[in-house]
Amino acid sequence: MAKSNYPPLPDNRNKKGKNVFPDGYVVRFTITDEIRKPQSDAPHKIIYLQRVEFDDKRVELRLCYYIIGKLPKMKGKWVFGQYATFLPTKDFKAIVNEARKRE
C-alpha cells in the first residue's frame, strides 16, 4: 500500500476516541472500520475513510489522512492530518466504491 521505506500504516480499527467541545461536553466513539488508500499523486499521504460509532449508537463517516512527518520529533513517522484534505477525484471515487462494497 505505502512505499516499502515507510513505516507500517496506522490501523485504527477498534480504537477509541473522544471529542471535547469548548463547553466541556465530551462525545466518545469507536472506529469500527476503515478504508486506506495512498493518494495517487502523493505516496507520502494516505487517505482514510473511517466508520465511527458513537456511544449513543450513531454511526458516521470520517474522511481523514496521514502524512509522513517532516519535523524532527515526527520525522519519518505517520502523522494524523489536522486539516481538511484535498484529494484527486479518482481517489475519492475509489474510496467511495470500496465503501459501497462494505455496506
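Readers should treat all values here as calculations from the given coordinates under stated rules, not as data from a laboratory. This one's a predicted model, so the numbers in the text were calculated from it and none came from an experiment. Virtual Cβ from ideal backbone geometry, glycine too; neighbours counted across all protein chains shown.
So which of 49, 61, 9 is in a loop (DSSP other than H, G, I, E, B) and either among the hydrophobic types (A, V, I, L, M, F, W, C) or touching a Pro at 6+ places or on another chain (Cβ under 9 Å) (or both)?
From the options 49, 61, 9, the qualifying one is 9.
It is to be established whether one or more residues within region 79-93 are of a type in the set (Val, Ile, Thr), part of a helix (DSSP H, G or I) and loosely packed, with under 10 Cβ neighbours inside 10 Å.
Yes; the residues of region 79-93 include at least one that is of a type in the set (Val, Ile, Thr), part of a helix (DSSP H, G or I) and loosely packed, with under 10 Cβ neighbours inside 10 Å.
Give me the pairs, please: first residue somewhere in region 21-33 and more than 15 Å from residue 55 (Cβ to Cβ), second residue anywhere and basic (Lys, Arg) and in a strand (DSSP E or B), beta-carbon distance under 8 Å, and either six or more positions apart or on two chains.
Going by the 8 Å Cβ cut-off, the qualifying pairs are 33/51.
Hey, can you tell me all the residues within region 34-46 that are without any contact (Cβ under 8 Å) to a residue 60 or more places away in the chain, part of a strand (DSSP E or B) and more than 17 Å from residue 82 (Cβ to Cβ)?
Answer for region 34-46, where residues must be without any contact (Cβ under 8 Å) to a residue 60 or more places away in the chain, part of a strand (DSSP E or B) and more than 17 Å from residue 82 (Cβ to Cβ): 34, 36, 38, 43.
Can you find, within region 30-70, the residue that is nearest to the chain's Cα centre (by Cα) among those that are hydrophobic (A, V, I, L, M, F, W, C) and more than 18 Å from residue 99 (Cβ to Cβ)?
Per the criteria, the residue is 67.
Does region 84-100 hold any residues that are farther than 19 Å from residue 52 by Cβ and of a type in the set (D, E, K, R), and which are they?
Residues satisfying the conditions are 90, 91, 93.
Select from region 64-78 the residues that are surrounded by 10 or more Cβ atoms within 10 Å (Cβ to Cβ) and either in a strand (DSSP E or B) or among the hydrophobic types (A, V, I, L, M, F, W, C) (or both) and list them in ascending order.
Matches in region 64-78: 64, 65, 66, 67, 68, 69, 74, 75, 78.
Among the residues of region 7-22, is there at least one that is surrounded by fewer than 10 Cβ atoms within 10 Å (Cβ to Cβ) and among the small types (Gly, Ala, Ser)?
Looking for residues that are surrounded by fewer than 10 Cβ atoms within 10 Å (Cβ to Cβ) and among the small types (Gly, Ala, Ser), one finds none in region 7-22, hence no.
Would you tally the residues in region 40-95 being over 26 Å from residue 27 (Cβ atoms), touching a Ser or Thr at 6+ places or on another chain (Cβ under 9 Å) and among the basic types (Lys, Arg)?
Residues in region 40-95 being over 26 Å from residue 27 (Cβ atoms), touching a Ser or Thr at 6+ places or on another chain (Cβ under 9 Å) and among the basic types (Lys, Arg): 2 in total.
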